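The values are calculated or read from the model by the stated rules, or taken from the named source; none is laboratory data. Predicted model only: the values in this text are computed from it and were never measured. Here the Cβ is made from the backbone with ideal geometry for all residues, glycine too, and neighbour counts use every protein chain on show.
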Amino acid sequence: MALSKAQVARYSRQLILPEVGVSGQNRLSEASVLVIGAGGLGSPVLFYLSAAGVGRIGVIDADAVAWSNLHRQTLYETPDVGRPKAVVAAERIRRLNPEISVEAIEGRFDAANAKDLVSRWHMVIDGSDNFATRYLANDACVLANRFLVHGGVVNFQGQVMSVRPRQSACYRCVFPEPPAVGSVPSCQEAGVLGAEAGLIGSLMAHEALKAILGVGEPLLNRLVVFDGRLSRFREVPVRRNPDCAVCGEHPTINAIQSIESAPTCAG
Amino acid sequence: MAITVRIPTPLQRLTNGQGEVACEGKNVSDLLGDLDRRYPGVKERICDETGKLRRFVNVFVNEEDIRFLQGDQTAVKDGDEVSIIPAIAGG
């Protein structure tokens, strides 16, 4: 499809990349992505995906904007405190790029809606803030065969990996089970610098755009780990686990089931 | 020469802020024991009360996941690099 003058102007700095061009721009506009969590990771993800012209974006989040969000969740401004994040985030990225379609889903990503939700999008980006949602997102993406970009950040540590179900290691192949409720110490010392969440979220957005465009190599079977104290990225190879409960040879998770886990802070 | 153990940032407060520490041992189980003697409290964050590696924590010896080697009996030697990588959920 030919681009309008306004589109050429808006996207010119990526259109001139040989890896993008008009055909790449069309791929972006035909793509649909569900972003789970509109927080510290979801903010840059939603910003860069909408700015790049990803045609259909869904954002699910159950929370309202809190004061404690403002140091890292760059979609929100002080007057937004108290308003539903999914709604504010959708408004914000619609203003950024009125050409795309944005669906705000106010609510929790849970066992009841997970599979149905992920099935409605080509790709899923997990920027949630708790283990239960992360394992659920992974299981739903494996079962519905959706490309997943996973990222997490806490306490100067960040991680990113992508999952192409049944072709590359899934999150559960790497980390078989979430921490049980009560099995990890409380999270009093958890915290994060806003810029680190932005860094990991930007890497996730970059990973998604690359995958849509078919540029380069996605983070399949590779877990990128960022040590924010040393400002050092490392990469460890990961692989499919034949005993994986969801994508292994004899899966025990064949339908979405709800997951109980400790909240954010393992390790 | 010893074995270099990379500590995930959430546990670095137990290692005096160090991201890499030197430990000794002939296998991973030994090594984690030595790590805990030097920096008390680290092991319980990595292993459960029976001493088994927690299911949301991975240990890599020279970039190979020990679950695909011999688990905590995986041999280590001077000069090896061991990374401890827990799942993290924050966003």
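Mind checking which residues of segment A:130-147 are surrounded by fewer than 24 Cβ atoms within 10 Å (Cβ to Cβ) and under 11 Å from the mean Cα position of the chain (by Cα)?
Hit for segment A:130-147 is A:PHE147, nothing else.
Given (1) within 30 Å of A:THR74 (Cα to Cα); (2) in contact with an Asp or Glu (Cβ under 9 Å, 6 or more places away or on another chain), where does B:SER83 come up short, assuming only one miss?
If we test B:SER83 against (1) within 30 Å of A:THR74 (Cα to Cα); (2) in contact with an Asp or Glu (Cβ under 9 Å, 6 or more places away or on another chain), just (1) comes out false.
May I ask you to verify whether B:CYS47 is among the hydrophobic types (A, V, I, L, M, F, W, C), at pLDDT 95 or above and farther than 20 Å from A:MET161 by Cβ?
Details: among the hydrophobic types (A, V, I, L, M, F, W, C): yes; at pLDDT 95 or above: no; farther than 20 Å from A:MET161 by Cβ: yes.
When the stated conditions are applied, B:CYS47 does not pass them.
Determine, yes or no, whether A:GLU106 is free of Cβ contacts under 8 Å to residues at least 60 places away in the same chain and in contact with a Leu (Cβ under 9 Å, 6 or more places away or on another chain).
Details: free of Cβ contacts under 8 Å to residues at least 60 places away in the same chain: yes; in contact with a Leu (Cβ under 9 Å, 6 or more places away or on another chain): no.
So A:GLU106 fails the test.
Quick check on my filter: what residues within segment A:148-169 are assigned to a loop (DSSP other than H, G, I, E, B) and more than 16 Å from A:ARG222 (Cα to Cα)?
First pass over segment A:148-169, keeping only residues assigned to a loop (DSSP other than H, G, I, E, B): A:155-156, A:164-169.
Matches in segment A:148-169: A:ASN155, A:PHE156.
For segment B:55-66, give me each residue that is facing chain A (nearest Cβ under 7 Å) and farther than 13 Å from B:LEU31 by Cα.
Our first condition is that a residue be facing chain A (nearest Cβ under 7 Å); within segment B:55-66, this holds for B:55-58, B:60, B:63, B:65.
Of everything in segment B:55-66, those that are facing chain A (nearest Cβ under 7 Å) and farther than 13 Å from B:LEU31 by Cα turn out to be B:ARG55, B:PHE56, B:VAL57, B:ASN58, B:GLU63, B:ASP65.
Any idea which of (1) buried (at least 24 other Cβ atoms within 10 Å of the Cβ); (2) within 14 Å of chain B (Cβ to nearest Cβ); (3) touching an Asp or Glu at 6+ places or on another chain (Cβ under 8 Å) is the one A:SER162 doesn't satisfy?
Tallying (1) buried (at least 24 other Cβ atoms within 10 Å of the Cβ); (2) within 14 Å of chain B (Cβ to nearest Cβ); (3) touching an Asp or Glu at 6+ places or on another chain (Cβ under 8 Å), A:SER162 fails exactly one: (2).
Considering only segment A:30-55, state which residues are small (Gly, Ala, Ser) and under 28 Å from A:GLU77 (Cα atoms). Steps first, please.
Keep residues of segment A:30-55 that are small (Gly, Ala, Ser), which gives A:31-32, A:37-40, A:42-43, A:50-53, A:55.
Those that are small (Gly, Ala, Ser) and under 28 Å from A:GLU77 (Cα atoms): A:SER32, A:GLY37, A:ALA38, A:GLY39, A:GLY40, A:GLY42, A:SER43, A:SER50, A:ALA51, A:ALA52, A:GLY53, A:GLY55.
Tell me yes or no: at least one residue of segment A:129-147 is assigned to a strand (DSSP E or B) and either away from every other protein chain (no Cβ under 14 Å) or out of contact with any helix residue (DSSP H, G or I) (no Cβ under 8 Å at 6 or more places or on another chain) (or both). Steps first, please.
From segment A:129-147, those assigned to a strand (DSSP E or B) are A:147; that's our starting set.
Narrowing further to those that are either away from every other protein chain (no Cβ under 14 Å) or out of contact with any helix residue (DSSP H, G or I) (no Cβ under 8 Å at 6 or more places or on another chain) (or both): A:147.
Yes, some residue in segment A:129-147 is assigned to a strand (DSSP E or B) and either away from every other protein chain (no Cβ under 14 Å) or out of contact with any helix residue (DSSP H, G or I) (no Cβ under 8 Å at 6 or more places or on another chain) (or both).
Condition test on A:ASN113, is it out of contact with any His (no Cβ under 7 Å at 6 or more places or on another chain), farther than 19 Å from A:PHE147 by Cβ and within 14 Å of chain B (Cβ to nearest Cβ)? I'd like the intermediate steps shown before the answer.
On the way: out of contact with any His (no Cβ under 7 Å at 6 or more places or on another chain): yes; farther than 19 Å from A:PHE147 by Cβ: yes; within 14 Å of chain B (Cβ to nearest Cβ): no.
Judged against the criteria, A:ASN113 is not a match.
For A:ARG172, all conditions in the list (1) without any contact (Cβ under 8 Å) to a residue 12 or more places away in the chain; (2) within 12 Å of chain B (Cβ to nearest Cβ); (3) in a helix (DSSP H, G or I) hold save one; what is the number of the exception?
(1)
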